[in-house]
Amino acid sequence: MGVGGGQAVWPHYLSGWIAGITNVTITFPINKVIFRQQIYGVNFRMALRQVRKEGASMLFRGLALPLCNKSGQVCLMWGLYETYHQKLPASVSNPTQRTILASCLTGVSEAMLGTPFERGQSLLLTPAFHGKIKNTLDLRHHLKSISMWYRGLSLILIRNCTTNSLFFLLRSPLRDLLPTGSSKQTRFLNDFICGAMLGGLNSSLIYPVNVVKSYQQKQMTRQNQSLISSCKAVLVERNYKIRSIYYGVQLNFTRALITWGIINATYEFCMSVLQPRQGY
């Protein structure tokens with residue numbers, strides 16, 4: 001699409017929303033195990049043992065928030081990116097600059113809307129609060145200020161702007177490298193592979209940021225630690241072992257392959273139905 005394109009943007013929002021719901025429904029149990037590895041620095045077997053010990057009744061505890069958050073986040077990612085890309089002034093004519101600026105504006109918007117959901121999900125997934133926080137609605141009795149709801153915002157901004165920029169910059173060039181095909185199955189597979197590769201790349205690059213973000217968001221104290229203090233605290237918890245910071249990165253990489261493969265392929269399929277375009 002050229003600068004100032006005037007195509008309808010609502011199909012991008014709807015396609016992203018459907019893709020987000022599909023993804024969360026499939027990957028939530030995997031995410032729970034990864035989260036345990038991030039906050040406790042334990043290996044996969046230990047994290048899986050913890051989750052299994054809690055039983056099936058606790059497996060989907062906290063699903064409501066990521067279902068709302070992730071579906072909304074993916075909806076906004078695609079929809080707002082397209083909106084910003086179209087609405088940016090014509091003076092931003094360089095395609096790369098336009099993509100990066102639209103990606104960062106989208107990342108900021110996602111962070112402002114989604115951080116409270118991530119904060120709540122982190123607390124609900126932390127075993128230390130299983131007996132203190134009954135459910136999603138009970139969070140309002142524990143998080144009594146805006147700053148407590150938005151803990152971890154700076155790290156989420158860094159994560160969102162970085163991953164969005166890489167995703168939208170590399171998505172089309174990467175897809176062009178894949179073998180072309182005329183069948184719907186081939187196009188769906190190409191979209192899955194493209195999304196999976198970009199998701200795996202982003203998840204690995206940004207993993208330490210998510211570890212520190214998880215540490216910040218599992219704290220219930222009113223006083224918010226600075227970014228530097230949080231990084232130091234994580235290092236102390238892990239006995240200054242850089243390797244332990246990456247506990248869970250393998251499973252996170254695998255999850256990202258599945259997650260972003262599903263999201264990208266589902267989005268493109270929905271777009272081919274709602275807004276058919278050449279090549280689909």
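The values are calculated or read from the model by the stated rules, or taken from the named source; none is laboratory data. Computed from a predicted model, the values in this text were never measured in an experiment. FYI the Cβ positions are ideal-geometry reconstructions off the backbone, even for glycines, and counts take in every protein chain you see. Keep in mind that these areas ignore ligands, DNA and RNA; they rest on the heavy atoms of the full protein, side chains included. Shrake-Rupley method; radii C 1.70, N 1.55, O 1.52, S 1.80 Å.
Report, ordered by chain and residue number, the aspartates and glutamates lying within cross-link reach of Lys184, taken as a straight Cα distance under 17 Å and ignoring same-chain residues fewer than 8 apart.
Answer for Lys184, where 17 Å is the Cα cut-off: Asp176, Glu268, listed by chain and number.
Return the distance in nm (one decimal) between the two label points of a simple spin-label model at Arg52 and Gln7, each offset 7 Å from Cα along Cα→Cβ.
The modelled label-to-label distance comes out at 4.7 nm.
For Cα extents along the principal axes in Å, pick the label among [x] 83, 44, 34; [y] 56, 46, 44; [z] 54, 39, 37 that corresponds to the value derived from the coordinates.
Only one option fits the structure, namely [z].
Give the lysines whose C-alpha is closer than 21 Å to that of Lys70, dropping any in the same chain fewer than 8 places away, or say none.
The qualifying lysines are Lys32, Lys213, Lys218.
First compute the accessible area of the chain with a 1.4 Å probe, then give the percent of it belonging to carbon and sulfur atoms.
After summing per-atom areas, the C and S share lands at 64 percent.
If all Cα-Cα distances of segment 168-280 are sorted into 10 Å bins from 0 onward, what percent lands in each bin, rounded to whole numbers?
Pairs per bin, as whole percents: 13, 33, 22, 18, 11, 2.
Computed FRET efficiency, Cβ-Cβ of Ser229 and Ser183, R0 51 Å: what is it to the nearest 0.05?
That gives a FRET efficiency of 0.40.
Find out how many positive minus negative residues lie around Lys213, taking Lys and Arg as positive, Asp and Glu as negative, among other residues whose Cβ is under 11 Å from that of Lys213.
Working: positive: Arg119, Arg151, Arg159, Lys218; negative: Glu118.
Net local charge, Lys213 excluded: +3.
Of the peptides 91-98, 9-16, how do they stack up when ordered by the mean number of other Cβ atoms within 10 Å, highest first?
Put in order of decreasing packing, that is 9-16, 91-98.
So if each residue of separation counts as 0.36 nm, and I subtract the Cα-Cα distance between Asn43 and Ser147, what length gain in nm does that give?
34.2 nm
Any chance you could look up the accessible area of Thr266 with a 1.4 Å probe, heavy atoms only, rounded to 10 Å²?
20 Å²
Considering only protein heavy atoms, what is the solvent-accessible area of Met197 at a probe of 1.4 Å, reported in Å² to the nearest 10?
For Met197, the solvent-accessible surface is approximately 100 Å².
Averaged per residue, what accessible area in Å² does the chain show with a 1.4 Å probe, protein chains only?
On a per-residue basis, 49 Å².
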